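Computed from the coordinates by the stated procedures, all read-outs in this text should not be read as laboratory data. Every value quoted in this text rests on a predicted model; they were computed, and no experiment measured them. Neighbour counts are summed over all protein chains in view; Cβ atoms, including those assigned to glycine, are modelled from backbone coordinates with ideal geometry.
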């Protein structure tokens, strides 16, 4: 398993720095009775130190060679391996109060975050290693160049915090980008005031579909200028100028 060649199709870059690994584990702060799942355990860089603090760990892995290696190293009473694509995995089947961690494959990070958001009601927290530019988009404030659909959709559902950066040299092979550790905490149900989640998602996606255009042009199939004005939104504004609360308000008005 140590000789496993990283597979580009799975976006594999294996974490090898003991210092960074320790820092990540400390940030996660696993406790013995936690119900935790690791996405993409790879060669077990996080798996082993997690199991040193946990009673049991679930992992989701798509690479059959890596699954075989993990099965040899860790007994099933300590490690449950779910073979398959994390994008198709139903995380809610593992129960409630779930803690999700992982060095996420860069090639599927954004759709995977949206997939996990659908299971947020069953999740206590999430800690991920991601490409720095993705984390920058996740935490971006309105008016910033990085602020976009990912920012709005995740910040509506989670409190998102960038913890620290990870240099390329912490991986094998070294990626050509910096990485970052991010923490996501699901917001309580009382704060989730969108009445029609599908309409909210459509509104946000449409607004940022052509972000250089004014909202009166971008959203004309969903709402007219008068409707924007009634929601307190300037029709000549652009998508990145609206806060998450603005999008929530507009979506709820459209759904009336």
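Starting with the fewest neighbours, write out 57, 199, 43 ranked by other beta-carbon atoms found within 10 Å of each beta-carbon. The partial results should precede the final answer.
Numbers: 57 25, 199 16, 43 20.
Going from least to most buried by this count: 199, 43, 57.
Quick check: from the Cα gyration tensor, does the range 197-254 come out rounded (a/c under 1.5), prolate or oblate? Display every interim value, and only then the final one.
Details: a/c = 1.32, a/b = 1.08, b/c = 1.22.
Rounded, since a/c falls under 1.5.
Which value at 222 nm does the chain reach when only helices count, each DSSP H run of 4 or more adding -39,500 (n - 2.57), with the total divided by all residues and rounded to the nearest 500 deg cm²/dmol? Don't skip to the answer; put the middle values down first.
Details: 10 runs with 84 residues, N = 256.
Result for the chain: -9000 deg cm²/dmol, rounded to the nearest 500.
Below 8 Å, C-alpha to C-alpha, sequence gap of six or more: please give me the relative contact order for the range 197-254 in percent. Can you show the working numbers first?
Values: 56 pairs, mean separation 22.5, N = 58.
Relative contact order comes out at 39 percent.
How do 30-41, 178-189 rank on mean C-beta neighbours within 10 Å, highest first?
Result, highest mean Cβ count within 10 Å first: 30-41, 178-189.
Find the relative contact order for the range 38-153 and round it to a whole percent, using C-alpha pairs within less than 8 Å whose residues are 6+ positions apart.
22
Of the listed values (i) 19.6; (ii) 12.3; (iii) 14.1, identify the label whose number matches mean projected area of the Cα convex hull in nm² calculated from this model.
(iii)
What relative contact order, as a whole-number percentage, does the chain give when Cα pairs under 8 Å and 6 or more residues apart are counted?
16
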